[in-house]
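The values are calculated or read from the model by the stated rules, or taken from the named source; none is laboratory data. Here the structure is a predicted model, which means the values were calculated and not measured. Here the Cβ positions follow ideal geometry from the backbone for every residue, glycine too, while neighbour counts run over all protein chains shown. The accessibility values were calculated without ligands, DNA or RNA, using every heavy atom of the protein model including side chains. Shrake-Rupley method; radii C 1.70, N 1.55, O 1.52, S 1.80 Å.
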Amino acid sequence: MNYSNLLIENRERILYITINRESKLNALNKATLAELHDVITGSVHDDEVGGLIITGAGQKAFVAGADISEFADFNADEGRELAREGQIKVFDVIQNHSKPVIAAINGFALGGGLELAMACHIRVAASGAKMGLPEVSLGLIPGYGGTQRLTELIGKGRAMEMIMTADMINAEDAYRTGLVNHVFEADDLLTKAAELMKKIMTRSPFAVGCAIRAINAASADGINGYETEISEFSNCFGSEDFREGVAAFLGKRKAEFTGR
Ligand code: COA
């Protein structure tokens, strides 16, 4: 697939995905979502990819939301389909990716843009970034998982206020409330995101994948997360990475993980 809305680059096994519709503040239209689905699903079994960093083109926006012009005349059924398809094909795929996914929020992350960032495993933000779920000011509510993931990340009371007021918060407040893990100067954002990713990539990829599944189970409906943890913990014992990690520790050397 040729991408017209994304820039894709693999540097040192980190797949950088840059949403590239700068003139529309990187708003997520249908074509962009289809491209995201393609590149993200393709990266799952690509041995050349150890982790993914998602960011937006330019200085102004990460992603300023779903493309409003595309759903302006939708009816209820079309709205349901828009949300369902987006959630299943993009947002859930990111959340359930077995490799680490970091959102580098370089500017406005609004509506679907913040929802995209919240589907990622970790968020880092530039100091000038602004985040919000302004859908109620359009007569909508978040539809790409925002009501669920924001509540999980910052708690029910804060999520209620942010969603009902449609207010944006700045990077410092996002850090304080746990919405982002770190705030960096804009010029350092990608370097710092890459440093974090590289540290994770020195650990066992097999175990990191197990950890993601176990942590995700904490908020998955109808799943006992403790049972998932037991099962994923057990899976680790069957991995080459476990043998290597323990042998390296006992041999006082650095582990060379294969992810198997
Ligand atoms: N969907 C479609 N187009 C969008 C968009 C979106 N979510 N967000 C921005 N754009 C477009 C604007 O229409 C404009 O296009 P144009 O130049 O062809 O008119 C361009 O991006 C620049 O945006 P503009 O509004 O002129 O920039 P600004 O600096 O005045 O304001 C924002 C920036 C982010 C505050 C403002 O663009 C905004 O509120 N965007 C919508 C945010 C939103 O409600 N997102 C949730 C959607 S569900």
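Summary of values
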{"read-out": "Output for region 28-59, where each listed residue is within 16 Å of the ligand (Cβ to nearest atom) and farther than 18 Å from Val180 by Cα", "value": "Leu28, Asn29, Lys30, Ala31, Thr32, Leu33, Leu36, Ala57, Gly58, Gln59"}
{"read-out": "Some residue of region 78-86 being without any contact (Cβ under 8 Å) to a residue 40 or more places away in the chain and either buried (at least 18 other Cβ atoms within 10 Å of the Cβ) or part of a loop (DSSP other than H, G, I, E, B) (or both)", "value": "no"}
{"read-out": "Any hit, region 128-142, residues being over 19 Å from Thr55 (Cα atoms), more than 13 Å from the chain's Cα centre (by Cα) and open to solvent by less than 30 Å² (accessible area, probe 1.4 Å)", "value": "yes"}
{"read-out": "Hits in region 193-231 - residues which are under 17 Å from the mean Cα position of the chain (by Cα) and polar (S, T, N, Q)", "value": "Asn216, Ser219"}
{"read-out": "Residue tally, condition closer than 17 Å to Lys199 by Cβ and open to solvent by 100 Å² or more (accessible area, probe 1.4 Å), over region 242-256", "value": "2"}
{"read-out": "Those residues of region 83-106 which are within 16 Å of the ligand (Cβ to nearest atom) and in contact with a strand residue (DSSP E or B) (Cβ under 8 Å, 6 or more places away or on another chain), in sequence order", "value": "Gly86, Ile105, Asn106"}
{"read-out": "Matching entry among Met197, Met160, Met201 (being surrounded by fewer than 15 Cβ atoms within 10 Å (Cβ to Cβ), modelled with pLDDT of 95 or more and away from the ligand (no atom under 16 Å from the Cβ))", "value": "Met160"}
{"read-out": "Filter result for Phe184 (open to solvent by less than 50 Å² (accessible area, probe 1.4 Å) and among the aromatic types (Phe, Trp, Tyr))", "value": "yes"}
{"read-out": "Among the residues listed as Ala117, Ala72, the single one being under 19 Å from the mean Cα position of the chain (by Cα) and small (Gly, Ala, Ser)", "value": "Ala117"}
{"read-out": "Spans of strands (runs of 3 or more DSSP E) in region 1-68 with at least 3 residues closer than 15 Å to Gly112 by Cα and at pLDDT 95 or above", "value": "51-56, 61-63"}
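Per-residue answers, yes or no, for (1) within 30 Å of Phe249 (Cβ to Cβ); (2) among the β-branched types (Val, Ile, Thr):
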{"residue": "Gln87", "(1), (2)": "no, no"}
{"residue": "Val93", "(1), (2)": "no, yes"}
{"residue": "Arg123", "(1), (2)": "no, no"}
{"residue": "Leu179", "(1), (2)": "no, no"}
{"residue": "Ile200", "(1), (2)": "yes, yes"}
